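Worksheet for the structure shown next.
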Amino acid sequence: MRKLKRTPHFDLTLDVKDGAFIAPPREAQRHWLLNRAVAETVMDLEALHGVAGRFVPGIDFSAIGERTQGDLSDDQIMEDWLIPLMQAMAAEVTATHGDVLEIGFGRGVSSDFIQAGGVKSHTIVECNDSVIVRYEAWRARLPERDIRLLAGRWQDVTDQMGAYDGVFFHTYPLNDDEYVDTVVKSATFAEHFFATAAAHLRPGGVFTYMTNEIDSLSRAHQRALLRHFGTFSVRVLPLQPPADVHDTWWADSMVVVGARK
């Protein structure tokens, strides 16, 4: 079976070799599913064509080296143009003013916003020793707050995690292998954390993360979310990156997700 779609920009051909591939009870149903898949792919490509024009160069992140214990500058952790995104994500996880788990302290920007949200408790996971020094100075300014540190990679401290009303994931690939496995081969970097987030999220709680999506969520991204969460909300947050962006993402908006079990 062959499906062909022509556009001004490209021709898309789907040539199905296996008669048992996508085989519902009726042949008309099969045609409908294949036509829909082709139409959605065309729409995705046309949308990406439009989105690509909104990118700025950024940096080449294809070889990051080992960052687990790297002494990182503020801009290497997160550039200032992403601060509104941290605020929007923090608003998601602090809406119930409950117990919040944050993966990645970084510069402490998101931690400030989480504290400003009036949370009951705040657990932070951080593995980088130099960043933990930053955390300790930040923590000293808030002696009366219930704030706890789990020192290590999140994969190594899951047994110390409890149950939370909000889970906030903002970290980055720590080395080249993790970049390939969790960025190149995934719908979104946070996908490898989805199961852990769901396992530690209380009913009614919300999980949010850096989506690296510009104007919507891809079908693969949506399916990954729905394997672990019952519902999710999305909104597009406009951003104002400077022309000389050095961060690892390079567009003028990002989708904010609030996923719930």
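At a glance:
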{"read-out": "Subset of the stretch 238-252 (residues that are touching a helix residue (DSSP H, G or I) at 6+ places or on another chain (Cβ under 9 Å), under 15 Å from THR211 (Cα atoms) and at pLDDT 80 or above)", "value": "PRO238, LEU239, ALA251"}
{"read-out": "Hey, ASP60 farther than 29 Å from ILE114 by Cα and modelled with pLDDT under 80 or not", "value": "yes"}
{"read-out": "Selection count where residues are outside any helix (DSSP H, G or I), modelled with pLDDT of 95 or more and over 17 Å from ALA190 (Cβ atoms), scope the stretch 97-115", "value": "4"}
{"read-out": "Where GLY118 falls short, out of the listed (1) within 21 Å of the chain's Cα centre (by Cα); (2) modelled with pLDDT of 95 or more", "value": "(1)"}
{"read-out": "Matching residues, the stretch 221-244, being open to solvent by less than 50 Å² (accessible area, probe 1.4 Å) and under 21 Å from HIS49 (Cβ atoms)", "value": "HIS221, LEU239, PRO241"}
{"read-out": "Enumeration of residues in the stretch 156-184 that are open to solvent by 60 Å² or more (accessible area, probe 1.4 Å) and either touching a His at 6+ places or on another chain (Cβ under 7 Å) or modelled with pLDDT of 95 or more (or both)", "value": "ASP156, ASP159, GLN160"}
{"read-out": "Residue selected from the stretch 140-152 under the condition over 26 Å from the mean Cα position of the chain (by Cα) and closer than 21 Å to GLY98 by Cβ, by the criterion least open to solvent (accessible area, probe 1.4 Å)", "value": "LEU142"}
{"read-out": "Filter pass, THR188 being open to solvent by less than 10 Å² (accessible area, probe 1.4 Å), at pLDDT below 95 and β-branched (Val, Ile, Thr)", "value": "yes"}
{"read-out": "In the stretch 193-216, the residues that are open to solvent by 10 Å² or more (accessible area, probe 1.4 Å), among the β-branched types (Val, Ile, Thr) and closer than 30 Å to LEU45 by Cα", "value": "ILE214"}
{"read-out": "The listed residue being at pLDDT 90 or above and loosely packed, with under 14 Cβ neighbours inside 10 Å, out of PRO25, PRO84", "value": "PRO25"}
{"read-out": "Filter result (surrounded by 15 or more Cβ atoms within 10 Å (Cβ to Cβ) and part of a helix (DSSP H, G or I)) within the stretch 117-139", "value": "VAL131, ILE132, ARG134, TYR135, TRP138, ARG139"}
{"read-out": "Enumeration of residues in the stretch 3-49 that are among the acidic types (Asp, Glu) and in contact (Cβ under 8 Å) with a residue 40 or more places away in the chain", "value": "GLU40, ASP44"}
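The values are calculated or read from the model by the stated rules, or taken from the named source; none is laboratory data. Since the model is a prediction, treat every value here as computed from it, not as a measurement. Please note: Cβ atoms are built from the backbone with ideal geometry, for glycine as well, and neighbour counts cover all protein chains shown. What goes into the accessible areas is simple: the full protein's heavy atoms, side chains included, and nothing from ligands, DNA or RNA. Shrake-Rupley method; radii C 1.70, N 1.55, O 1.52, S 1.80 Å.
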